[in-house]
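Worksheet for the structure shown next.
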Amino acid sequence: MTEVVYERYEGPEAAGQLDAFLPAYEEVYADPPYCEGPRDVAEFIDHYRQQLRTRPGFRLVLARVGGEVVGFTYGYRLPADTGWWGNLLEPMPEEFTRETGERTFAVIELAVRKPWRRQGVAAGLHARLLDGLAVERVTLTMRPEVEAVPAQSAYAAWGYRKVGRSHPWPEAPVYDAMVLDLRTPGASRT
């Protein structure tokens, strides 16, 4: 395999990278179960720009092979006033859902183009995204097991556990809500 080069961008420096990874986003999310089209891509662009401007601790990691983006991931710290946990279909205790702006990092996207899957690129992206974070835990939502078996397997191997099901907006599917507790001995960042 050709060497994969990882680049991490913090906060505003991630703004100039959208055009670099957008073709990878379009390719990955055109396939089932997502089947995204131009309207979905336009919404993604708007959400990315808004999150970049308004979310604390925004971080982006790109994986490149020969200068071409083959995978990407990004996320941010959940602010104290987040609605993240309010999307759960079954409410969790306040002790679990309480956010401080420093407690939880949310992985918003992690995607690898098909020719580079199952080669450790996702693990490399994940490790670099979480490297040096001073948070207690990491959360993400993902398609249910029947739709995303490889992703479910990877997240389980990295130490994530399912804490519930999330329905973030009316047109969205129901997602599995996952958490990785970084305070647990042996918790993996890869």
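Using the count of nearby Cβ atoms within 10 Å as a rough guide to exposure, how do R143, R98 rank from fewest to most?
If I rank by nearby Cβ atoms, fewest first, I get R98, R143.
Nearest 500 deg cm²/dmol is fine: what mean residue ellipticity at 222 nm does the chain get from its DSSP H runs of n ≥ 4 alone, each adding -39,500 (n - 2.57), divided by its residue count?
-8500 deg cm²/dmol
How far, in nm, would the chain grow between E43 and A15 when pulled straight, counting 0.36 nm per residue and subtracting the alpha carbon separation?
8.5 nm
Compute the signed sum of charges (Lys and Arg +1, Asp and Glu -1) over the other residues within less than 14 Å, Cβ to Cβ, of A24.
That sum, taken over residues with Cβ under 14 Å, equals -4.
Taking springs between alpha-carbon atoms closer than 10 angstrom, which of G120, G132, G57 fluctuates most in the Gaussian network model of the chain?
G132
Where Lys and Arg each count +1 and Asp and Glu each count -1, what net charge lies around H167 among other residues with Cβ under 12 Å from its Cβ?
Net of charged neighbours comes to -2.
What is the dipole size for the chain, taken about its Cα centre, with +1 at each Lys and Arg Cβ and -1 at each Asp and Glu Cβ, in debye to the nearest 20?
480 debye
Could you pull the Cα extents of the chain along its three principal axes, largest to smallest, in whole Å?
Result for the chain: principal-axis Cα extents of 47, 37, 34 Å.
Values in this text are rule-based calculations from the coordinates and carry no lab data. What you are looking at is a predicted structure, and each value in this text was computed from that prediction instead of being measured. Because the Cβ atoms are built from the backbone with ideal geometry, glycine has one as well, and the counts that use them run over all protein chains shown.
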